[in-house]
1. How many of the residues making up the stretch 36-66 are surrounded by 15 or more Cβ atoms within 10 Å (Cβ to Cβ) and either farther than 23 Å from residue 2 by Cα or free of Cβ contacts under 8 Å to residues at least 24 places away in the same chain (or both)?
2. What are the pairs, 6+ residues apart or on separate chains, where a residue within the stretch 76-89 that is within 15 Å of residue 34 (Cα to Cα) has its Cβ under 7 Å from a residue that is polar (S, T, N, Q) and surrounded by 11 or more Cβ atoms within 10 Å (Cβ to Cβ)?
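Every number in this text was worked out from the coordinates using simple rules, so none of it is lab data. These figures come from a predicted structure and were not determined experimentally. Don't worry about glycine lacking a Cβ; one is built from the backbone with ideal geometry, like all the others, and counts go over all protein chains shown.
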Amino acid sequence: MEFTREANGFVLYDDAHEMIAEITYAPTDDPNIVEGNHTYVDPSLRGQGVADKLLDALVEAMRAEGKKIRPTCSFIVKRFEENPKYADIKA
């Protein structure tokens, strides 16, 4: 599964170049914090862990940039609460 990094997120496209999954973030007033604000996975992909893979791609990118994530998307909020592997990145 290959995600494409776009301006403010990561996207998965199908063979027809239609977006079928994405995770997005927005800048905040603090240049070291982004807001994890949206996750979408097409129903045809649900149950395959695609959203978790998107989140891991976002987390990896923000760690590499030295930024933290303030979760506002319900999926990201839930994952950050459930999994201690995200403790260092949560703003």
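1. Residues flagged as surrounded by 15 or more Cβ atoms within 10 Å (Cβ to Cβ) and either farther than 23 Å from residue 2 by Cα or free of Cβ contacts under 8 Å to residues at least 24 places away in the same chain (or both) within the stretch 36-66 amount to 3.
2. 76/39
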